[in-house]
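The values are calculated or read from the model by the stated rules, or taken from the named source; none is laboratory data. All values derive from a computational prediction rather than experimental measurement. Every residue, glycine among them, receives a Cβ derived from its backbone with ideal geometry; neighbour counts consider all protein chains shown.
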Amino acid sequence: MSDMNLGITEKLAPLLDAVRTMVRDDILPVEEEYLAEVDKGDRWEYTPRQVEIREGLKAKARENGLWNFWLTGSDKGYGLSTVEYAYLAEEMGKAHLGPEIFNCSAPDTGNMEVFERYCSEEQKDRWLTPLLNGEIRSAYLMTEPDVASSDATNISMSCKREGDEYVLNGEKWWSSGAGDPRCKIYIVMVKTGDENTPKHQRHSMVLVPADTPGVEKLRAMQVYGHDDAPHGHFHIRFKDVRVPSENLILGEGRGFEVSQGRLGPGRIHHCMRAIGQAEHALELMCQRSLRREAFGKPLAQLGANYDIIAQCRMDIEMARLLCLKAAWMMDQGDAKAAAPWISQIKVVAPLVALKVTDEAVQMFGAQGISQDTPLARAWTSLRTLRLADGPDAVHRRQVARNELRKYTQERV
Ligand SMILES: Cc1cc2nc3c(=O)[nH]c(=O)nc-3n(C[C@H](O)[C@H](O)[C@H](O)COP(=O)(O)OP(=O)(O)OC[C@H]3O[C@@H](n4cnc5c(N)ncnc54)[C@H](O)[C@@H]3O)c2cc1C
């Protein structure tokens, strides 16, 4: 293994500075206006003003070379390491719109990674090129309503070969981004094997264009009462959905291979964005606690507020270091060795960010839970991160099994 360098490299420093500046000066100031537009007109379409704001910011980012940082460990794009990218993800995560402006948002980055690594040149031309250009969006459909999807071996969507086609039947839900009118392609996890096939070779990944006949968007799932329009998390039915056999990615039975390649880096990106959200919440909390007075003193000086602020700072620092270590493990090229580290941070980062955001909400009083600060929205999205990409318990299980394996040769 190489020396563990978790610092900001010479290559990263100017990029980080440019992203930080753009998030602070260009994105955060227009974010509330952008989000408020959702309530004007059709919730599942973007208003002209939203398009103007978003596309204007994207064009600026691209002109300044701040685009598609996510393709780590590759000679294409920036060739950043996961550690370097993690710092950028933290900065982008400080704004709700941040990741999309730099074409680094979920679920597209993970999906683009699948196209880049596993798909044919023709599929890349058709889907990856417009994704890299920020012209279309995509969704990743694994979770199903009828099975415990934290154990992906349960995934049951049927996929049968008929001549030169595959025919899909079943339901998916929590398909993030499927509401976006720009979302044109789904990567769908399906069951192609049967009980006689080894458990981890029963599943496959298939490309399904969103407008394929038989795909029916049933409803938008709500997150604590919000539909997250126009992005949305959809419940989708597939009824006799036919796609050409070339749409199968890698081959039958290789679904787990594809999902592992997709989820590892994606989880680190989520975690670093969560740390960015925590930093932003702490900044807002400190400013508020100095500005507002009660009982003759700034809030910061009342009760246990010094301790709360100190604890938030310490928790963020610990989480960031753990995240960078997980990123560094990824950079060593052994995904299996990195997995328990990714699991550790996937538990820690959302918990820390959620706690810090909750303390910030408290310091703001009633305004903290309202639409007047970004805190309530951030809290909700961080809470979902304890479920999305694997619930806490599943990752704790992975960490514990890895730990116990040190003392026994047997699988536990
Ligand atoms: C906002 C949001 C966006 C999402 N986006 C997507 C998406 O784009 N694509 C997609 O495919 N999915 C998405 N998901 C779904 C998410 O990945 C699943 O909800 C998650 O994998 C858990 O699956 P499940 O809901 O079926 O829970 P279940 O598998 O039913 O698990 C429920 C609970 O059981 C317990 N449990 C499970 N395993 C263990 C264990 N080993 N030890 C102890 N307890 C355990 C845990 O408490 C767990 O939370 C999203 C979810 C949310 C909330």
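Of all residues in region 303-319, none are free of Cβ contacts under 8 Å to residues at least 40 places away in the same chain and within 30 Å of SER175 (Cβ to Cβ). Among residues of region 129-141 being buried (at least 22 other Cβ atoms within 10 Å of the Cβ) and not in a helix (DSSP H, G or I), the one that is farthest from the ligand (Cβ to nearest atom) is GLY134.
Taking the listed residues ALA310, ALA335, ALA294, ALA281, the one that is among the small types (Gly, Ala, Ser) and buried (at least 17 other Cβ atoms within 10 Å of the Cβ) is ALA281, with no other qualifying. Does ARG24 count as modelled with pLDDT of 95 or more, basic (Lys, Arg) and either in contact with an Asp or Glu (Cβ under 6 Å, 6 or more places away or on another chain) or closer than 19 Å to ARG320 by Cα (or both)? Against the criterion (modelled with pLDDT of 95 or more, basic (Lys, Arg) and either in contact with an Asp or Glu (Cβ under 6 Å, 6 or more places away or on another chain) or closer than 19 Å to ARG320 by Cα (or both)), ARG24 does not qualify. Hey, any hits in region 315-323 for a residue that's charged (D, E, K, R) and surrounded by 21 or more Cβ atoms within 10 Å (Cβ to Cβ)? Looking for residues that are charged (D, E, K, R) and surrounded by 21 or more Cβ atoms within 10 Å (Cβ to Cβ), one finds at least one in region 315-323, hence yes. Residue-level check: of (1) under 26 Å from the mean Cα position of the chain (by Cα); (2) in a loop (DSSP other than H, G, I, E, B); (3) not acidic (Asp, Glu), TYR186 misses just (2).
All of HIS270, HIS235 fail the test of being closer than 26 Å to GLN123 by Cα and under 23 Å from the mean Cα position of the chain (by Cα), apart from HIS235.
Would you mind stating whether ALA400 is surrounded by fewer than 18 Cβ atoms within 10 Å (Cβ to Cβ), of a type in the set (A, V, I, L, M, F, W, C) and in the same structural domain as GLN311 (by TED's automatic domain parsing)?
On the way: surrounded by fewer than 18 Cβ atoms within 10 Å (Cβ to Cβ): yes; of a type in the set (A, V, I, L, M, F, W, C): yes; in the same structural domain as GLN311 (by TED's automatic domain parsing): yes.
Yes: the conditions hold for ALA400.
Can you list the helices (runs of 4 or more DSSP H) lying wholly within region 28-112 that have 1 or more residues being crowded, with 18+ Cβ neighbours inside 10 Å and among the small types (Gly, Ala, Ser)? Break it down into steps so the answer makes sense when it comes.
On the way: elements: 28-36, 48-63, 82-92, 98-101.
In region 28-112, 48-63, 82-92, 98-101 are the helices (runs of 4 or more DSSP H) which contain 1 or more residues that are crowded, with 18+ Cβ neighbours inside 10 Å and among the small types (Gly, Ala, Ser).
Can ALA152 be described as within 16 Å of the ligand (Cβ to nearest atom) and either not assigned by TED's automatic domain parsing to the domain that holds ARG219 or not aromatic (Phe, Trp, Tyr) (or both)? Yes: the conditions hold for ALA152. Note on region 305-412: enclosed helices (runs of 4 or more DSSP H) holding 1 or more residues that are within 16 Å of the ligand (Cβ to nearest atom) are 335-363, 375-385, 392-405.
For region 350-357, the criterion of being polar (S, T, N, Q), at pLDDT 95 or above, closer than 15 Å to CYS271 by Cβ and out of contact with any Leu (no Cβ under 9 Å at 6 or more places or on another chain) is met by no residue.
Give me the pairs: first residue in region 143-160 and closer than 14 Å to LYS199 by Cβ and at pLDDT 95 or above, second residue among the small types (Gly, Ala, Ser) and within 7 Å of the ligand (Cβ to nearest atom), beta-carbon distance under 7 Å, and six or more apart or on different chains, which are they? Between residues of region 143-160 that are closer than 14 Å to LYS199 by Cβ and at pLDDT 95 or above and residues that are among the small types (Gly, Ala, Ser) and within 7 Å of the ligand (Cβ to nearest atom), the close pairs are ASN154/ALA148; ILE155/SER149. Just give me the residues in region 157-174 being part of a loop (DSSP other than H, G, I, E, B) and surrounded by fewer than 15 Cβ atoms within 10 Å (Cβ to Cβ), in sequence order. Within region 157-174, GLY163, ASP164 qualify.
Note on region 346-363: residues that are surrounded by fewer than 21 Cβ atoms within 10 Å (Cβ to Cβ) and either in the same structural domain as VAL223 (by TED's automatic domain parsing) or farther than 27 Å from LEU324 by Cα (or both) total 1. Note on region 389-412: residues that are modelled with pLDDT of 95 or more and closer than 26 Å to ASP358 by Cα total 6. Whether a residue is exposed (fewer than 15 other Cβ atoms within 10 Å of the Cβ) and within 16 Å of the ligand (Cβ to nearest atom) was assessed, and PRO145 passes this test. On the given criteria, is ARG126 away from the ligand (no atom under 16 Å from the Cβ), in a helix (DSSP H, G or I) and either outside the structural domain of ALA278 (by TED's automatic domain parsing) or surrounded by 17 or more Cβ atoms within 10 Å (Cβ to Cβ) (or both)? Considered against the rule, which asks whether it is away from the ligand (no atom under 16 Å from the Cβ), in a helix (DSSP H, G or I) and either outside the structural domain of ALA278 (by TED's automatic domain parsing) or surrounded by 17 or more Cβ atoms within 10 Å (Cβ to Cβ) (or both), ARG126 comes out as yes.
Does SER176 satisfy being more than 9 Å from the ligand (Cβ to nearest atom) and of a type in the set (Gly, Ala, Ser)? Spell out how you get there, then give the answer.
Numbers: more than 9 Å from the ligand (Cβ to nearest atom): no; of a type in the set (Gly, Ala, Ser): yes.
Judged against the criteria, SER176 is not a match.
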